[in-house]
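K.L.:
First the structure, then my questions, so here it is.
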Amino acid sequence: MKVVLAYSGGLDTTVSISLLTERLNAEVITVTVDVGQREDFKEIENKAYSAGAIKHYTLHLIDEFADSYIQPCIYMNCSYEERYPLGTALARPLIAKALCDTARREGADAIAHGSTCKGNDQVRFNLTLMAECPDFKIITPVRHWKLTREWELEYARKRGLPVKLDSSKKYSIDENLWSRSIEGGVLDDQSSFPPEDAFEWTVAPEKAPEEPVVLEIEFLEGRPVRVNDVEGSLSTLVRTLNEIGGKHGIGRIDHIENRLVGIKSREVYEAPAATILLLAHKELEKTVYTPREYRFKHLLDFEWSDLVYQGLWYEPLRERIQRVGAEMNKLVTGRVWLKAYKGSVTVLGRESPYSLYRREVADYDKGWYPSEEEAEGFIRIWGMHSIQAHLLRCKRNSV
């Protein structure tokens with residue numbers, strides 16, 4: 001039996017290599033997908049071989065992640081429950097697809113991943129695997145064999161596996177180009193304040209520079225193309241904003257999240273670039289859309305974000321909503337200026353060739369101004385239904 005395993009280099013997946021070999025007599029091929037996490041990929045490869053893998057792949061898919069997953073996220077102002085910019089949720093379909101491609105290339109029989117019974121990722125991975133390569137068996141060692149951290153540590157000690165043999169790990173971390181998620185430890189107490197050692201991308205706002213930084217972000221049809229003097233790929237711009245935003249304490253998120261598996265969890269994220277780009281993009285949309293377009297787009301954004309979070313990347317509705325969003329974004333061209341200062345980002349100004357704002361109309365002192373008769377007529381017609389209903393019902397209630 002040949003199994004392709006999604007490999008992070010952590011305790012769960014390292015133990016899984018040995019267990020798959022030992023209990024299923026499997027040949028294990030490990031796959032690590034680089035989606036922008038700050039890892040020593042050579043060290044991860046060496047750990048995989050030390051644990052018993054017969055072959056290892058490191059797939060550098062940062063630009064594909066940025067262009068095919070983060071960019072749609074920007075189009076759709078992605079934000080689950082108006083807080084989480086979907087970093088982990090966006091990466092899972094790409095990683096699972098890469099597993100399918102590798103399994104086909106290697107002639108494997110099954111695909112494995114290290115998800116647990118309580119997490120969202122078991123759904124995201126499995127649904128993508130079911131859509132992309134339905135003929136492959138899916139194995140989840142941690143879930144299937146009911147592994148606990150204590151048992152895994154003892155097993156790793158006995159087998160001499162290349163893992164840290166202690167239980168002092170403070171947090172569970174998942175990181176990619178778009179966000180860094182932090183769970184576990186003291187964060188499981190929803191009333192506890194996140195310790196500073198939980199954060200790596202961002203400084204505490206009170207320790208950020210005393211001078212603010214002004215950012216000029218340019219969009220072309222909804223795509224970020226420039227940040228100040230930096231031009232380049234989306235992945236380059238995201239890295240740039242992660243660095244600038246992190247330096248100024250931007251992008252810390254702490255909220256109680258409704259997981260798709262039916263429980264609430266306390267989630268802490270760092271997402272400097274996502275925080276800045278999504279704010280700028282929304283501001284430009286507000287500038288170029290009519291009121292009805294803007295409100296309709298908000299409904300689309302909410303539904304798209306919910307589908308992605310719930311692991312339904314292959315739901316046809318997600319694809320259709322995204323096509324509408326991409327079409328609407330053809331008007332989202334222009335520039336937005338923002339100020340980053342000690343943990344906050346504020347909009348300073350915006351411009352677009354498609355802006356529906358007209359100073360000659362909006363100015364109170366010059367230009368168009370409705371007459372008293374026009375204003376009176378508008379008010380009367382605008383509120384007619386509401387006023388008639390109010391008066392009629394007041395009369396009825398007084399009887």
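K.L.:
When only residues in the range 43-88 that are of a type in the set (A, V, I, L, M) and in contact (Cβ under 8 Å) with a residue 60 or more places away in the chain count, which is farthest from Gly251 (Cα to Cα)? If you could, list the steps in order and put the result at the bottom.
P.N.:
Step one: of the range 43-88, the residues of a type in the set (A, V, I, L, M) are 44, 48, 51, 53-54, 59, 61-62, 66, 70, 74, 76, 86.
Applying the additional criterion that residues be in contact (Cβ under 8 Å) with a residue 60 or more places away in the chain yields 51, 62, 66, 70, 74, 76, 86.
Working: Ala51: 37, Ile62: 21, Ala66: 18, Ile70: 16, Ile74: 16, Met76: 19, Leu86: 13 Å.
Only one residue fits best here, namely Ala51.
K.L.:
Limited to the range 372-399, what total is found for residues that are in a loop (DSSP other than H, G, I, E, B) and loosely packed, with under 10 Cβ neighbours inside 10 Å?
P.N.:
Just the residues of the range 372-399 that are in a loop (DSSP other than H, G, I, E, B), to begin with: 383, 399.
Next, only the ones that are loosely packed, with under 10 Cβ neighbours inside 10 Å stay: 399.
Summing the residues that are in a loop (DSSP other than H, G, I, E, B) and loosely packed, with under 10 Cβ neighbours inside 10 Å in the range 372-399 gives 1.
K.L.:
Hey, does the range 51-60 have a residue that's under 18 Å from Ser233 (Cβ atoms) and not in a loop (DSSP other than H, G, I, E, B)? Outline the logic, then answer.
P.N.:
Residues of the range 51-60 under 18 Å from Ser233 (Cβ atoms): 59-60.
The next check asks that each one be not in a loop (DSSP other than H, G, I, E, B); those that pass are 59-60.
Scanning the range 51-60, I find at least one residue that is under 18 Å from Ser233 (Cβ atoms) and not in a loop (DSSP other than H, G, I, E, B), so the answer is yes.
K.L.:
So, in the range 226-256, of the ones that are assigned to a helix (DSSP H, G or I) and of a type in the set (A, V, I, L, M, F, W, C), which residue ends up farthest from Arg323 (Cα to Cα)?
P.N.:
That would be Ile244.
K.L.:
Tell me, yes or no, whether the range 23-44 has at least one residue that is in a helix (DSSP H, G or I), outside the structural domain of Phe219 (by TED's automatic domain parsing) and under 28 Å from Glu319 (Cβ atoms). Step through it out loud before you land on a result.
P.N.:
Initial filter on the range 23-44 (in a helix (DSSP H, G or I)): 23-24, 41-44.
Still in the running and outside the structural domain of Phe219 (by TED's automatic domain parsing): 23-24, 41-44.
Retained after the next criterion (residues that are under 28 Å from Glu319 (Cβ atoms)): none.
Scanning the range 23-44, I find no residue that is in a helix (DSSP H, G or I), outside the structural domain of Phe219 (by TED's automatic domain parsing) and under 28 Å from Glu319 (Cβ atoms), so the answer is no.
This table checks each residue for (1) under 18 Å from Ala271 (Cα atoms); (2) not charged (D, E, K, R).
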| site | (1), (2) |
| --- | --- |
| Ala131 | no, yes |
| Ser181 | yes, yes |
| Val186 | no, yes |
| Glu211 | no, no |
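K.L.:
Under 7 Å between Cβ atoms, which residue pairs at least 6 apart in sequence (or on different chains) link something in the range 202-225 that is assigned to a loop (DSSP other than H, G, I, E, B) with a partner that is among the aromatic types (Phe, Trp, Tyr)?
P.N.:
Sorted first by the residue in the range 202-225, then by its partner, the pairs are Pro212/Tyr341; Gly222/Tyr75.
K.L.:
Among the helices (runs of 4 or more DSSP H) lying completely within the range 277-371, list those that include at least 1 residues that are in the same structural domain as Val225 (by TED's automatic domain parsing). Spell out the reasoning first.
P.N.:
Values: elements: 291-309, 316-328, 359-362.
Hits in the range 277-371: 291-309, 316-328.
K.L.:
I would also like to ask the following. Return the only residue of Gly251, Gly262 being in contact with an Asp or Glu (Cβ under 8 Å, 6 or more places away or on another chain) and on the phi > 0 side of the Ramachandran plot. Outline the logic, then answer.
P.N.:
Numbers: Gly262 fails: in contact with an Asp or Glu (Cβ under 8 Å, 6 or more places away or on another chain).
None of the other options fit; the residue is Gly251.
K.L.:
Inspect the range 266-288 for any residue being of a type in the set (Val, Ile, Thr) and in contact with a Pro (Cβ under 8 Å, 6 or more places away or on another chain) and give the result as yes or no. So that I can check it myself, show each step before the final result.
P.N.:
Initially, the range 266-288 is screened for residues of a type in the set (Val, Ile, Thr), giving 268, 275-276, 287-288.
Narrowing further to those that are in contact with a Pro (Cβ under 8 Å, 6 or more places away or on another chain): 268, 275.
Within the range 266-288, one or more residues are of a type in the set (Val, Ile, Thr) and in contact with a Pro (Cβ under 8 Å, 6 or more places away or on another chain).
K.L.:
What is the one condition in (1) modelled with pLDDT of 95 or more; (2) more than 29 Å from Leu61 (Cβ to Cβ) that Gly185 does not satisfy?
P.N.:
(1)
The values are calculated or read from the model by the stated rules, or taken from the named source; none is laboratory data. Computed from a prediction, not measured in an experiment: that's the story for all the values here. Virtual Cβ from ideal backbone geometry, glycine too; neighbours counted across all protein chains shown.
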